[in-house]
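Data block below; observations after.
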Amino acid sequence: MVLEATMICIDNSEWMRNGDYSPSRYQAQADAINLICGAKTQSNPENTVGVLTMAGKGVRVLVTPTSDLGKILACMHGLEIGGEMNLTAGIQVAQLALKHRQNKKQKQRIIVFAGSPIKYDKKTLEAIGRKLKKNSVALDVVDFGESDDGKPEKLEALVAAVNNNDNSHIVHVPPSPSALSDVLISTPIFTGDGEGGSGFAAAAAAAAAGGMSGFDFGVDPNMDPELALALRISMEEERARQEAAAKKAAEEAAKQEKVGEQASSSQDAAMTEAVDTSAVVADDKKQNLTDDEAALLEQALAMSMDGAKSTSVDITDADMSDATAEDPELAYALQMSVQETAKDSSSQSEMSKVLEDQSFVSSILNSLPGVDPNDPSLKDFLASLQGQSETQQKQKEDDSEKGGDK
Amino acid sequence: MSCLHDHSCEDHNCSADWSLHTHIDLSKVSALNEAVAGSVKSVFKPWNRRLDTSEGFLESNDGDPELLVFIPFTSDVKIKSISVVGGSGGTSPSKMRAFINRDGIDFSDAQNMQPVQEWDLNENLQGLLEYQTRYSRFQGVGNLTLHFPDNFGGDTTQIYYIGLKGEATQLKRDVVATIVYEITPNPSDHKTRADAGSLAHVE
């Protein structure tokens, strides 16, 4: 909510015709500028923003600092691309425009979009930077487009010369399929100097980054402490359940691998893995379903698990009959593992208990005011948890496989 | 210890004279080219603490001895004299230029404008020197801007204390804030007695 007057320097030189940023460098720049103007004017209603172009026939101020967003957006239309960017003149004119701002209480800030090569040397840029720092003007630079030798270093030197207490930033944006504005949303250029962002910026960041805007669970503990607490509790419960499930699955995998020590062992392992992953995937899907569907799925899951169990047991029976005759040790091991698989089926029921727990947890989530279990950010987060536990499981299986092979 | 006042300091409490610091609006004091943002506020304190640097002091950025200090007051004051305590080793300011009642001066303005008064300073490490003002020009001061363009050869300029002597009036200088006149005229706001009964009617 800092009171600021901002001048945005647009690069409308010939280099902006390039299409390496979609749809074109100039268009990507224009979109980013629209977003920045919106963010600035929203974060504090007394903020003013002005725009000038650095290329074309010369440095031209399109609109002096104003808080009227419509005026700013209108002046961005019909700009001609051409000429060469004059960085130093652009910055100096921006400084002059800021000097004559109406409200002297506003802090001064210049945002420069540098897309074309820079023909000035480092010394000149540093001198300009020092002059800005002396007059307490902050500078943000967006380095995109052309990246010839020395351009990033020159711009870094410029920002370092201006920087006073972390008020100036530089962002290097390489060409990528994602839009320039999306990349900028999460940078301090948008979010302001470490305030955590205005509502606009934070909401946009949340939408773009899937809820991880710097806070746990995408919810600000200051804004909604009960929700944050409830989400944290449910995450811990989920984690405990995942660990228990992972442990059971790993044991299961170990037992079933011991049982099928011959060629079929790999089949079993594959099947157990398939069973485990299907269990995990099913759990994953569970999160997204309502309680009714969850119960149905649980049933189907139990049935499929029993089915898999029986087929594996059949295979192992076949193996047992073949191998027992030859290897009494193997027979003993098979016997033991059969007993343990019996135990496993009981653990299976424990697992289903935990699954019910899961539905209990999701019912908790349902009952919490304001929590939508189908919230994409929540889903993503829980899915990532699943993914983590999946990789944990895979690791455990690999370890137990190695142990089994030895 | 000699004092430039015409009495010995042990008898007379000098700090009572340098009382204008209580009328300074400290929250709005600002400086340009200070190395540490906000350090300018430590420079305004009672006279007996003028050599106390425990709360920091005002220093300019490396290699650049210029300083610009903006001092707003809570009520209009009359300034009789100014005292500046600088640092040792050439870091004391050598010149001082004063502007009154002007908002938002920056370095280019300060260098081009004619000051209300300017002084050549001497090194004043004990804070006993004071510089008198042309009193008639310093009546009704709402804010004071001090520009220190140069120092005695040091890399930076350091200022430990700025003292102001004078009187405070209880008046507040009337500043015309941003006034929004009519953006589009509304004739109904401008009815005159003649219009009230006429047949013609302006929409």
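The values are calculated or read from the model by the stated rules, or taken from the named source; none is laboratory data. Computed from a predicted model, the values in this text were never measured in an experiment. Every residue, glycine among them, receives a Cβ derived from its backbone with ideal geometry; neighbour counts consider all protein chains shown.
Within the range A:96-108, is there a residue that is surrounded by fewer than 19 Cβ atoms within 10 Å (Cβ to Cβ), over 21 Å from A:Ile189 (Cβ atoms) and touching a residue at least 60 places away in the same chain (Cβ under 8 Å)?
Yes, because at least one residue in the range A:96-108 is surrounded by fewer than 19 Cβ atoms within 10 Å (Cβ to Cβ), over 21 Å from A:Ile189 (Cβ atoms) and touching a residue at least 60 places away in the same chain (Cβ under 8 Å).
Tell me the strands (runs of 3 or more DSSP E) entirely within the range B:44-128 that contain at least 2 residues that are within 12 Å of the chain's Cα centre (by Cα) and modelled with pLDDT of 90 or more.
Values: elements: B:67-86, B:95-100, B:117-120.
Filter on the range B:44-128 gives B:67-86, B:95-100.
Among the numbered conditions (1) surrounded by 19 or more Cβ atoms within 10 Å (Cβ to Cβ); (2) touching a Gly at 6+ places or on another chain (Cβ under 9 Å), tell me where B:Leu58 comes up short.
Unmet condition: (2).
From the set of residues in the range B:14-43 that are over 23 Å from A:Asn163 (Cα atoms) and among the acidic types (Asp, Glu), which is nearest to the other protein chains (Cβ to nearest Cβ)?
The qualifying residue nearest to the other protein chains (Cβ to nearest Cβ) is B:Asp25.
Please find, within the range B:186-197, the residue that is modelled with the highest pLDDT out of those that are loosely packed, with under 10 Cβ neighbours inside 10 Å and in a loop (DSSP other than H, G, I, E, B).
Step one: list which residues in the range B:186-197 are loosely packed, with under 10 Cβ neighbours inside 10 Å, which gives B:186, B:188-189, B:192-194, B:196-197.
Those left that are additionally in a loop (DSSP other than H, G, I, E, B): B:186, B:192.
Numbers: B:Asn186: 80, B:Thr192: 75.
My answer is B:Asn186.
Among all residue pairs at least 6 apart or on different chains, which show Cβ distances below 6 Å where the first residue, located in the range B:95-122, is within 14 Å of chain A (Cβ to nearest Cβ) and small (Gly, Ala, Ser) and the second is part of a loop (DSSP other than H, G, I, E, B) and loosely packed, with under 15 Cβ neighbours inside 10 Å?
Matching pairs, first to second residue: B:Gly104/A:Lys104.
From the set of residues in the range A:154-175 that are outside any loop (DSSP other than H, G, I, E, B) and within 28 Å of the chain's Cα centre (by Cα), which is farthest from the other protein chains (Cβ to nearest Cβ)? Full working, then the answer.
Quick first cut of the range A:154-175, residues outside any loop (DSSP other than H, G, I, E, B) only: A:154-162, A:169-172.
Then drop every residue that is not within 28 Å of the chain's Cα centre (by Cα), which leaves A:155-156, A:159, A:169-172.
On the way: A:Leu155: 21, A:Glu156: 19, A:Val159: 16, A:His169: 17, A:Ile170: 20, A:Val171: 24, A:His172: 27 Å.
Among those that are outside any loop (DSSP other than H, G, I, E, B) and within 28 Å of the chain's Cα centre (by Cα), it is A:His172.
Could you say which residue among B:Gln139, B:Gln126, B:Gln132, B:Gln114 is out of contact with any strand residue (DSSP E or B) (no Cβ under 8 Å at 6 or more places or on another chain) and surrounded by fewer than 21 Cβ atoms within 10 Å (Cβ to Cβ)? Please lay out each step first, then the result.
Working: B:Gln139 fails: out of contact with any strand residue (DSSP E or B) (no Cβ under 8 Å at 6 or more places or on another chain); B:Gln126 fails: out of contact with any strand residue (DSSP E or B) (no Cβ under 8 Å at 6 or more places or on another chain); B:Gln132 fails: out of contact with any strand residue (DSSP E or B) (no Cβ under 8 Å at 6 or more places or on another chain).
After applying the criteria, what remains is B:Gln114.
Out of all the residues in the range A:2-33, which are in contact (Cβ under 8 Å) with a residue 60 or more places away in the chain and under 25 Å from the mean Cα position of the chain (by Cα)?
Matches in the range A:2-33: A:Asp20, A:Tyr21, A:Ser22, A:Arg25, A:Ala28, A:Gln29, A:Asp31, A:Ala32, A:Ile33.
Return the residues of the range B:26-43 that are free of Cβ contacts under 8 Å to residues at least 60 places away in the same chain, assigned to a helix (DSSP H, G or I) and buried (at least 18 other Cβ atoms within 10 Å of the Cβ); say none if nothing qualifies. Step through it out loud before you land on a result.
Step one: list which residues in the range B:26-43 are free of Cβ contacts under 8 Å to residues at least 60 places away in the same chain, which gives B:26-31, B:34, B:36-42.
After this cut, where a residue has to be assigned to a helix (DSSP H, G or I) as well, the list is B:26-28, B:39-42.
Within the range B:26-43, B:Val40, B:Ser42 meet the criteria.
Can you name the number of the only condition in (1) within 14 Å of chain A (Cβ to nearest Cβ); (2) without any contact (Cβ under 8 Å) to a residue 60 or more places away in the chain that B:Phe70 fails?
Condition not satisfied by B:Phe70: (2).
Give the residues of the range A:134-153 that are surrounded by fewer than 22 Cβ atoms within 10 Å (Cβ to Cβ) and not hydroxyl-bearing (Ser, Thr, Tyr), sorted by residue number. Talk me through it step by step, then tell me what you get.
Pass one, the range A:134-153, residues surrounded by fewer than 22 Cβ atoms within 10 Å (Cβ to Cβ): A:134-136, A:146-153.
Those that are surrounded by fewer than 22 Cβ atoms within 10 Å (Cβ to Cβ) and not hydroxyl-bearing (Ser, Thr, Tyr): A:Lys134, A:Asn135, A:Glu146, A:Asp148, A:Asp149, A:Gly150, A:Lys151, A:Pro152, A:Glu153.
Which one is farthest from A:Thr66 (Cα to Cα) among residues in the range A:88-105 that are more than 9 Å from chain B (Cβ to nearest Cβ) and polar (S, T, N, Q)?
For the range A:88-105, the residue satisfying everything is A:Thr88.
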